[in-house]
1. Just one of LEU210, LEU243 is more than 32 Å from the chain's Cα centre (by Cα) and within 27 Å of PHE174 (Cβ to Cβ); which is it?
2. Among the listed residues THR217, THR274, identify the single one that is out of contact with any Cys (no Cβ under 9 Å at 6 or more places or on another chain), among the polar types (S, T, N, Q) and exposed (fewer than 13 other Cβ atoms within 10 Å of the Cβ).
3. Answer yes or no as to whether ILE101 is surrounded by 14 or more Cβ atoms within 10 Å (Cβ to Cβ), within 15 Å of LYS65 (Cα to Cα), assigned by TED's automatic domain parsing to the domain that holds HIS57 and in contact with a helix residue (DSSP H, G or I) (Cβ under 7 Å, 6 or more places away or on another chain).
4. If the Cβ limit is 6 Å and pairs must be 6+ apart or interchain, which residue in the stretch 122-147 that is within 18 Å of VAL31 (Cβ to Cβ) pairs with which residue that is modelled with pLDDT of 85 or more and of a type in the set (A, V, I, L, M, F, W, C)?
5. Quick one: in the stretch 32-50, which of the residues that are of a type outside the set (Ser, Thr, Tyr) and within 22 Å of THR9 (Cα to Cα) is surrounded by the most Cβ atoms within 10 Å (Cβ to Cβ)?
6. How about the stretch 178-198: which of its residues are of a type outside the set (Ser, Thr, Tyr) and closer than 14 Å to GLU237 by Cβ?
7. Considering only the stretch 157-187, how many residues are without any contact (Cβ under 8 Å) to a residue 40 or more places away in the chain, of a type in the set (A, V, I, L, M, F, W, C) and within 23 Å of ARG216 (Cβ to Cβ)?
8. If I ask for residues that are polar (S, T, N, Q) and over 25 Å from PRO23 (Cα atoms), which ones from the stretch 91-143 would you list?
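The values are calculated or read from the model by the stated rules, or taken from the named source; none is laboratory data. Please read all numbers here as calculations on a predicted model, not as lab measurements. Methodologically, a virtual Cβ is constructed for each residue, glycine included, from the backbone with ideal geometry; neighbour enumeration extends over all protein chains shown.
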Amino acid sequence: MELSHLIQTSQVEKVRVCCPLMPSVTGTLCVSSHHLILSAQAVEDTKQEKCELWLLHCAVDSVEKSVHNIGMLKSKENNKDGEGGSSSGTVTLKCKDLQVIQLEIPDMEETFNVARSVQALSSLDNISLSYPFFFRPAGCKLGKGWSRDTMENFYHKLKAETDAWRLSDVNENFKVCPSYPEKIIVPLSCSDNSLKRAAAFRQGRRFPVLSYYHSRTRSVLLRSAQPLVGPNHHFSEDDENLLNAALMGQSHGFIIDVRYEQEAKQARSSGGGTENKDRYPRWSILYRSLERYG
């Protein structure tokens, strides 16, 4: 596997795992590409039962290591055989869920190897190396997922309700707006050339397009980016005609600006802004600020 070169020690015997609110367990520690696994067997005359403990490397926030001498604990019999004192160590794993796990390892070199391995495997930069991209459950067949409700399907449902809208491919190959789908639903009276000119008046070329149609009231919900009014009070007749055509005979509409009013006005100095009330007399502007993420 791609991560095997980061594993300096794959298996250590007689590792003791200590975790708050849980009895300590001694067993075999295995370091895999994505998990730390401790396999423990049941021990007679103790409370230890057979178990397996799994921990994802990505759940580890920090790794600490310490070494201490256990030579004084060696029996005199070992000393008679000429064996000197050896060192063991402890690897402390502080997890992202605030859990603290201690691994007591009976060898100094293995302590450093395990610590370095977990440190490297818990701080991968490439998201494609994370566990979900390698998980292959046995005997699990992946379905085809859900069918996509395409813009064509949505338009066919809309066409049964009203013939005041059309499906336009003006954004084919995303040449007008890179963040809109290739096919969009717009008022029937608006030509593709008019849509292109209206797009030039909106930030990111996100001109008003249909997002929702209420069949009973025949009200519509459109989405768009802010107009590029700027300090020179630019305007676009094509944008005005597009919004007025979306009213479909209704006398009035609402433009909901998801910024604070002061923020929308300040955006004018950098080329943005909000719709001019004099040029959009059939529309009222409401400011309903939403927090932005990312």
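1. On the way: LEU210 fails: more than 32 Å from the chain's Cα centre (by Cα).
Every option except LEU243 fails the conditions.
2. Numbers: THR274 fails: exposed (fewer than 13 other Cβ atoms within 10 Å of the Cβ).
Unique residue meeting the criteria: THR217.
3. On the way: surrounded by 14 or more Cβ atoms within 10 Å (Cβ to Cβ): yes; within 15 Å of LYS65 (Cα to Cα): yes; assigned by TED's automatic domain parsing to the domain that holds HIS57: yes; in contact with a helix residue (DSSP H, G or I) (Cβ under 7 Å, 6 or more places away or on another chain): no.
No.
4. Between residues of the stretch 122-147 that are within 18 Å of VAL31 (Cβ to Cβ) and residues that are modelled with pLDDT of 85 or more and of a type in the set (A, V, I, L, M, F, W, C), the close pairs are SER122/VAL60.
5. Filtering the stretch 32-50 for residues of a type outside the set (Ser, Thr, Tyr) gives 34-38, 40-45, 47-50.
Checking which are within 22 Å of THR9 (Cα to Cα) leaves us with 34-38, 40-41.
Values: HIS34: 21, HIS35: 16, LEU36: 26, ILE37: 15, LEU38: 21, ALA40: 20, GLN41: 11.
The qualifying residue surrounded by the most Cβ atoms within 10 Å (Cβ to Cβ) is LEU36.
6. Going through the stretch 178-198, the residues of a type outside the set (Ser, Thr, Tyr) turn out to be 178, 181-188, 190, 192-193, 195-198.
CYS190, ASN193, LEU195, LYS196, ARG197, ALA198 - these are the residues of the stretch 178-198 that are of a type outside the set (Ser, Thr, Tyr) and closer than 14 Å to GLU237 by Cβ.
7. 3
8. As a first pass, look at the stretch 91-143 and keep what is polar (S, T, N, Q): 92, 99, 102, 111, 113, 117, 119, 122-123, 126, 128, 130.
Of everything in the stretch 91-143, those that are polar (S, T, N, Q) and over 25 Å from PRO23 (Cα atoms) turn out to be ASN113, SER117, GLN119, SER122, SER123, ASN126, SER128, SER130.
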